[in-house]
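*Asks:* Can you keep this structure in mind? I'll have questions shortly.
The values are calculated or read from the model by the stated rules, or taken from the named source; none is laboratory data. Values in this document were obtained by computation on a predicted structure and should not be read as measured data. Glycine also receives a Cβ, built like all others from the backbone with ideal geometry; neighbour counts cover every protein chain displayed. Just the protein is used for accessible areas: all its heavy atoms, side chains included, with ligands, DNA and RNA removed. Shrake-Rupley method; radii C 1.70, N 1.55, O 1.52, S 1.80 Å.
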Amino acid sequence: MSGQGRSSAMTMKVVFVLCIVVLIQTEVALAAVYTVGNSRGWTFNSVGWPKGKRFRAGDILAFNYKSGAHNVVVVNKDGYNKCSTPRGAKVYNKGGDKVKLAKGQNYFICNFAGHCQSGMKISVFAM
């Protein structure tokens with residue numbers, strides 16, 4: 001392969017990598033960040049918070065709460081309906097947790113005793 005051929009191949013690789021970087025940055029830039037519960041944060045009676053909002057896959061939910069007072073558990077529909085934590089569920093407990101929405105229905109609860117039953121759960125559909 002000539003020097004010019006290698007240079008051309010290298011240029012194509014660089015262009016390809018740059019295109020991938022731009023696509024990734026564009027996806028991140030388009031993602032919206034929503035604070036669950038607005039200024040109240042992740043607390044009791046949050047169940048109605050998603051109403052009227054339009055979410056997209058890749059959007060970020062920010063769960064603001066005091067560590068030790070609550071948590072956020074990613075659950076399935078059954079876990080949401082029964083306020084129960086399925087085996088292997090992802091649990092966030094730092095406060096200020098940020099969770100990226102998957103396409104379709106996303107379910108979140110606080111699994112501290114009585115919290116989910118007091119409306120500390122949300123169901124969010126992401127397009």
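*Asks:* Going through the cross-link list Lys13/Lys103; Lys66/Lys103; Lys51/Lys103, which pairs have a Cα-Cα distance over 26 Å in this structure? Before the final figure, lay out each step's value.
*Replies:* Details: Lys13/Lys103 31 Å; Lys66/Lys103 28 Å; Lys51/Lys103 17 Å.
Where the Cα-Cα span goes over 26 Å, the pairs concerned are Lys13/Lys103; Lys66/Lys103.
*Asks:* For Met120, what residues show an amide H to amide H distance below 5 Å, using hydrogens built from the backbone and excluding near sequence neighbours?
*Replies:* Placed amide hydrogens put Asn45, Ser46 under 5 Å from Met120.
*Asks:* Can you give me the long-range amide H partners of Phe125? Hydrogens built in the peptide plane at 1.01 Å from N, cutoff under 5 Å, separation of 5 or more residues or another chain.
*Replies:* Under 5 Å from the amide H of Phe125 lie the amide H atoms of Asn106, each far enough along the sequence or on another chain.
*Asks:* Averaged per residue, what accessible area in Å² does segment 65-127 show with a 1.4 Å probe, protein chains only?
*Replies:* Using a 1.4 Å probe on heavy atoms only, each residue of segment 65-127 averages 55 Å².
*Asks:* Here's a follow-up. So, R0 is 22 Å and r is the distance between the beta-carbons of Lys82 and Phe125; what FRET efficiency does that work out to, to 0.05?
*Replies:* The formula returns an efficiency of 0.65 here.
*Asks:* Net charge within 10 Å of Ile109 by Cβ-Cβ distance, Lys/Arg positive one each and Asp/Glu negative one each, not counting Ile109 itself?
*Replies:* My count for the surroundings of Ile109 gives +2.
*Asks:* How much net charge surrounds Lys66 when only the other residues with a Cβ under 15 Å from the Cβ of Lys66 are counted, with Lys and Arg +1 and Asp and Glu -1?
*Replies:* Details: positive: Arg40, Lys94; negative: Asp97.
Result for the neighbourhood of Lys66: +1.
*Asks:* For segment 61-121, which whole-number percentage of the solvent-accessible area (1.4 Å probe, protein heavy atoms only) is attributable to carbon and sulfur atoms?
*Replies:* On segment 61-121, the fraction of accessible area on carbon and sulfur atoms equals 48 percent.
*Asks:* Right, something else. Quick query: amide H of Asn111 versus all other amide H atoms, modeled in the peptide plane; which residues come in under 5 Å with a sequence gap of 5 or more or a different chain?
*Replies:* Excluding prolines and chain starts, which carry no amide H, the hits are Asn71, Val73.
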